[in-house]
Structure formats: structure tokens, C-alpha cells
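Note sheet for the following structure.
Read-outs: derived from the displayed coordinates by stated rules, not from any lab. What you are looking at is a predicted structure, and each value in this text was computed from that prediction instead of being measured.
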Amino acid sequence: MDITALFNLSYGVYVVTAWNQGEATGCVVNSAMQITATNPTVAISMNRDNFTHGCITETGFFAINVLSEDTDPVIIGKFGYQSGKNFKKFESTDWSVKGNLPVLSSAQSFIACRVIDKMETSTHTVFLGEVVDCQSLSKKTPMTYSYYHKVIKGKAPKNAPTYIEE
């Protein structure tokens, strides 16, 4: 099997945010998609080892922050390679509350969701979210996972569905 064929699927780069006992937290994901337009519904896939996973499970809410191509790599490093268990990711990061959830000020857009269902795999949970609020915040170009790898030269963290051990 040639696992690299999966790299041809189109992905974005997102920071999914949630609350942890009133404190903002979040992590980078690359699997988010719209499921329906009427009663707008989206899905995200998140590794169960991610601290944010437990926060979403506990609160029942999450926000997808769409990153743009000019997102500061520090944001990706902070939210993609450090755990909210040990690191306060929102310290020294500009953000506000939109749709009752933490949203990065640098986000191209956000989609705030209420969890309506979930599906478990061996390592990840697919959360289905009913969109409760969303807004485009800029006209910047959203970052794709391909752009992240080819232009920024980023790597997939161990908890990413696209991670391959080197």
C-alpha cells in the first residue's frame, strides 16, 4: 500500500478552540469539513490524546479557526506542538470571544459549533457540530495543508492523522 496517496486529499489548517474550566485552549487540526448547508453542520477529527479533545467532550462546544497563508508560524508551533495540559497557549496571543468561544484575532474566519454527535475510531474522534455562529474575518487566502508542507515546510505532529514516522 502506498500511504502517500492519502496526501492527495485536500485539507486545511485550523486551530480548534474550546474552554477548559473557563480558560481558553486549542490545538491544530487539519481535518474539518462541511457536512450540510441547511441546518449548517461541520465535522472535525481530533486525536483523543489531545488535551482539547477532553475539553470539547466536557463542554460540548468548539470553534474552528481557519488559518490564512500568512499566519505567523509561531501560532502553528504554539497550538500544534505543545499541550494545553502544560502550556497556556493563549498567553501572549491576541484573541477574543465570538460565538461564546475563544477565537484567534489572526483567524481568517471562525465557525462556532455545538456538538450534536460523535464517532470513535481507534485513535480519533469525529465530532459533528451544529454551527451556532460563524463569520469571515478577513479576505486573506485560507491555508491548505499542502501549502503548509510545500511552502512553509511544516511537518505533521505525532497526533495528526497524516503523521508518518521518519
Requested in this report: Determine the gain in length on full extension of the stretch E58-F87; use 0.36 nm per residue of separation and subtract their C-alpha separation, reporting nm with one decimal.
Outcome: 8.5 nm
Query raised in the report: Cα convex hull of the stretch 1-80: how many Å³ per residue?
Result: 137
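Could you check how many percent of all C-alpha pairs in the stretch 11-150 are farther apart than 17 Å?
So the portion of pairs separated by more than 17 Å is 55 percent.
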Report summary line: Over 27 Å (Cα to Cα) among K98/K139; K98/K140; K85/K139 -> K85/K139
Query raised in the report: What is the extension gain from R48 to K139, computed as 0.36 nm multiplied by their sequence separation minus the C-alpha to C-alpha distance, in nm to one decimal?
Result: 29.5 nm
